[in-house]
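What follows is calculated from the coordinates using simple rules that are stated; it is not laboratory data. Remember, predicted model here, so these are calculated numbers, not experimental data. Please note: Cβ atoms are built from the backbone with ideal geometry, for glycine as well, and neighbour counts cover all protein chains shown.
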Amino acid sequence: MNRHVIFILLAFGLSLFPEVMTAQISYGGQPASFSLKEKAAVVIPIVRMEHVSNRQLMKAEPQSGLRLKPYKFAHTFKVDITPQNSGTWTVAADGTKIWRVKILSQGAYSLNVIFDRFKLPDHAKLFIYSPNHKKVLGAFTANNESGYGTLAVRPLAGDEMVVEYDEPADAEFSGQLRITKVNHDYKNAFGDRPLGQAGLCNVDVYCTDGQDLALQKQSEVRLIIAGSELCSGTMVNNTSQDGTPYLITAGHCITSATDAEQTVYYFNYESPDCGQNLGSIDGYVDQTVSGSILKARSDSLDFALVEMQNMPPANYRPYFSGWNNSASIPASTFAIHHPTEM
């Protein structure tokens, strides 16, 4: 493989979960309950998932020789969790209505949830955080709404999380929220561990061999599909060169419009050192975009083209890779991807 070098952009998560997190085009602030003068005895109702064994889930995976499949890391529980049927409400001194529910799936390395109903009034906020308040996702607001009503949220480390919805006293309408999927990470896909197995021709893009691709590597994006599978994709330009956030990935990764709607896209997921196949580590990352619209897909060509629901912010430094339909064969080829072998 002297003329074809494959660069490894990164593996799965060493520092994915810092002590305090705000991401996924979130809008800052802190949950209103953090300021409440509550007694320690206050208990948030728990929705417990049916117990599953991480080891048994691993053993139950199909032992297929086919490689055209995404990397599955989580078991999906189908649920129906809303402010009307779960959790508890509290009213703060300023009239803010606070809904909280705790979700527990014992033994999970991380949890993530998917809302199939997400519509909030102005100034309302949604947060997801660890019970000890050290890890926080949000705020998610009306600005995170999609045309199809879905919100997929990135994983939170640990086997329990608190979902909190804060609604102003003068809200124009009551927020609409429904969680329909809780995903239990049974592989420690975001744990403290080195790269998965990769070929000798695979090197970290941070290495010297990848320095000429400093811009191009910014187009590589990691995907979490429906909260349970991992894949890679590439931001691509279009003939209008207008920065429309198109991304191309494999057809076996995004198989339907629902998959596209429930995908979280990670930017700048890059190893901070040159491991040279000796155990590279993951880099810190918290830059994500949630949701997209499926624009085109083919089984025979194994591709899917999506348009992200939101434009990646400028600080994500997105790069749109070019393309052409020339029949001229290049002298050399470079591929940048996220390794999925374990």
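Quick one: if you stick a label point 7 Å off each Cα along the C-beta vector at Ala214 and Asp273, how many nm between them?
For the pair Ala214/Asp273, the computed spacing is 2.2 nm.
Which value, in Å³ per residue, describes the convex hull spanned by the Cα atoms of region 68-227?
170 Å³
Label Leu104 and Ala257 with points 7 Å out from Cα along Cα→Cβ: what is the distance between them in nm?
In this crude label model, Leu104 to Ala257 measures out at 4.0 nm.
Sorted by packing (mean other beta-carbon atoms within 10 Å per residue), highest first, where do 241-253, 225-237, 315-327 land?
Result, highest mean first: 225-237, 241-253, 315-327.
Please give, to one decimal in nm, the separation of the simple spin-label points placed at Ile44 and Tyr148, each 7 Å out from Cα toward the Cβ.
2.9 nm
Within the set Lys125/Lys217; Lys72/Lys125; Lys78/Lys217; Lys125/Lys181, which residue pairs have Cα atoms separated by over 28 Å?
In this structure, Lys125/Lys217; Lys72/Lys125; Lys78/Lys217 exceed 28 Å between Cα atoms.
Can you work out ³J(HN,Hα) from phi for every residue in region 171-183, in order, using Karplus 6.51 cos²θ - 1.76 cosθ + 1.60 and θ = phi - 60°, giving whole Hz and x for Gly and Pro?
4, 5, 7, 7, x, 10, 9, 8, 8, 10, 9, 10, 10
Enumerate the amide H contacts of Asp204 below 5 Å, restricted to partners 5 or more residues apart or on another chain; note that Pro and chain-start residues carry no placed amide H.
Ile8, Gly275, Gln276, Asn277
Mind checking the full-extension length gain between Ser53 and Gln176? Use 0.36 nm per residue of separation minus the Cα-Cα distance, one decimal, nm.
41.0 nm
Beyond 17 Å, what share of the Cα-Cα pairs of region 211-278 is found? Please give it as a whole percent.
So the pairs more than 17 Å apart make up 51 percent of the total in region 211-278.
³J(HN,Hα) across region 92-99 via Karplus (A = 6.51, B = -1.76, C = 1.60, θ = phi - 60°), whole Hz, x for Gly/Pro?
Each residue's phi maps through the Karplus curve to give 6, 4, 8, x, 4, 8, 10, 10 Hz.
Find out how many positive minus negative residues lie around Ala171, taking Lys and Arg as positive, Asp and Glu as negative, among other residues whose Cβ is under 9 Å from that of Ala171.
Around Ala171, the surrounding residues sum to -3.
Which values, in whole Å and largest first, are the semi-axes of the equivalent ellipsoid of region 57-134 obtained as the square root of 5 times each eigenvalue of the Cα gyration tensor?
35, 15, 12
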